[in-house]
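The values are calculated or read from the model by the stated rules, or taken from the named source; none is laboratory data. All of these numbers come straight from a predicted model, not from anything done at the bench. For neighbour counting, all protein chains shown are included, and Cβ atoms are generated from backbone atoms with ideal geometry for every residue, glycine included. Note: accessible area is taken over every heavy atom of the protein model, side chains too, but ligands, DNA and RNA are not part of it. Shrake-Rupley method; radii C 1.70, N 1.55, O 1.52, S 1.80 Å.
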Amino acid sequence: MAGACMSRRPLIGLFGGTFDPVHIGHLRMALELRQQLEMDEMRLVPCHIPPHRREPAASADHRAAMVELAIAACPDLSIDRVELANPEPSYSLHTLQALRRSLGPEPALCLAMGMDSLVSLNSWHRWDELLDYAHIVVAARPGWQEPSDGELADYVTRHRGKAADLRQSPGGHIVIEELMLLPVSSTAIRAQIAQGRSPQFLLPDNVWAYILRNNLYRR
Ligand code: ATP
């Protein structure tokens with residue numbers, strides 16, 4: 001019908017991480033990406049078993065509970081437990097395939113990651129198939145440079161897109177966004193707690209209270 005408005009393709013952000021524990025760096029990045037790219041949703045996706053690093057210090061249940069607490073007062077962020085239901089290592093490709101099965105082919109999915117994750121993307125399981133299922137949205141993170149040579153740099157150049165491209169297709173582009181990222185890491189927070197120091201203000205108060213209550217990250 002002439003003049004009928006075309007439906008807008010939903011744009012859904014997926015921010016995977018170990019979240020051991022979740023901190024304000026993760027939360028600000030997720031929120032800023034959602035706002036900057038005008039996403040319809042931004043889901044934090046805690047992994048069950050990370051394939052590329054040693055076992056997390058806290059269980060998947062504790063890590064997911066902390067994410068729940070962290071976003072409880074933030075309607076712009078949600079949690080997706082897709083990886084927690086799977087006893088296998090949490091490969092992003094499998095996660096995207098599972099989400100495609102449940103969400104269908106239409107929505108644009110944006111796999112969000114920091115630059116530190118992008119620079120090792122070519123070590124991920126079947127990494128060059130990820131763009132068949134989603135876009136990749138990268139936040140430049142302090143201290144990390146974009147890949148400048150080799151297969152990864154070629155790949156990024158070939159698929160590089162702009163924010164405005166994201167809603168035009170369900171996947172296929174790599175978009176790099178300059179964000180104001182906070183220099184906080186889970187590793188530093190765990191180290192502080194192990195030394196008996198307080199990480200208060202680096203993570204939400206209710207998450208810190210949960211860590212104390214459950215005696216997490218003490219040596
Ligand atoms: P660790 O110190 O244990 O490696 P981390 O703080 O880097 O943890 P992860 O859960 O491993 O957090 O990271 C999940 C995602 O969050 C990655 O894509 C990473 O780039 C991103 N990320 C981590 N810290 C920050 C931060 N301060 N600002 C923005 N993004 C971050």
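Can you compute the charge dipole magnitude of the stretch 106-211 about its Cα centre, using +1 on each Lys and Arg Cβ and -1 on each Asp and Glu Cβ, nothing else charged? Give it in debye, rounded to the nearest 20.
Dipole size: approximately 400 debye.
With unit charges on the beta carbons (Lys and Arg positive, Asp and Glu negative) and the dipole taken about the Cα centre of the chain, which residue among 105, 37, 26 sits farthest to the positive side?
Projecting each Cα onto the dipole axis, the largest value belongs to 26.
Mind jotting down the distance between the C-alpha centroids of the stretch 32-71 and the stretch 120-178, whole Å?
20
Placing unit charges on C-beta atoms (Lys and Arg positive, Asp and Glu negative, everything else neutral), compute the dipole magnitude of the chain about its Cα centre in debye, rounded to 20.
560
If you add up the charges near residue 81, with Lys and Arg at +1 and Asp and Glu at -1, over every other residue whose beta carbon is less than 13 angstrom from its beta carbon, what do you get?
-2
Compute the acute angle (0 to 90°) between the alpha-carbon long axis of helix 150-159 and the principal axis of greatest extent of the alpha-carbon atoms of the chain; round to the nearest 10°.
Tilt of helix 150-159: around 50 degrees.
Return the calculated 222 nm mean residue ellipticity for the chain, to the nearest 500 deg cm²/dmol, obtained by summing -39500 (n - 2.57) across DSSP H runs with n ≥ 4 and dividing by the residue count.
-9000 deg cm²/dmol
Quick one: dipole size for the stretch 9-120, taken about the Cα centre, charges +1 on Lys/Arg Cβ and -1 on Asp/Glu Cβ, in debye to the nearest 20.
That gives the stretch 9-120 a dipole magnitude of about 160 debye.
Checking the a/c ratio against 1.5 first, then a/b against b/c, what shape does the Cα gyration tensor give for the stretch 13-213?
Here the stretch 13-213 falls in the prolate category.
For the chain, with every protein chain kept in place, what is the accessible area per residue (1.4 Å probe, Å²)?
That works out to 50 Å² for each residue.
If I fit a long axis through the Cα atoms of helix 60-71 and take the longest principal axis of the Cα atoms of the chain, what angle between them do I get, 0 to 90°, rounded to 10?
So the helix axis and the longest Cα principal axis differ by about 70 degrees.
Multiply the residue separation of residue 146 and residue 128 by 0.36 nm, subtract the distance between their alpha-carbon atoms, and state the gained length in nm to one decimal.
The span from residue 146 to residue 128 would gain 4.7 nm if fully extended.
With axes computed from alpha carbons, what is the tilt in degrees of helix 24-36 against the longest principal axis of the chain, rounded to the nearest 10 within 0 to 90?
Value to nearest ten degrees: 20.
In whole percent, how big is the carbon plus sulfur part of the accessible area of the stretch 13-213, probe 1.4 Å, protein atoms only?
Carbon and sulfur atoms account for 50 percent of the accessible area of the stretch 13-213.
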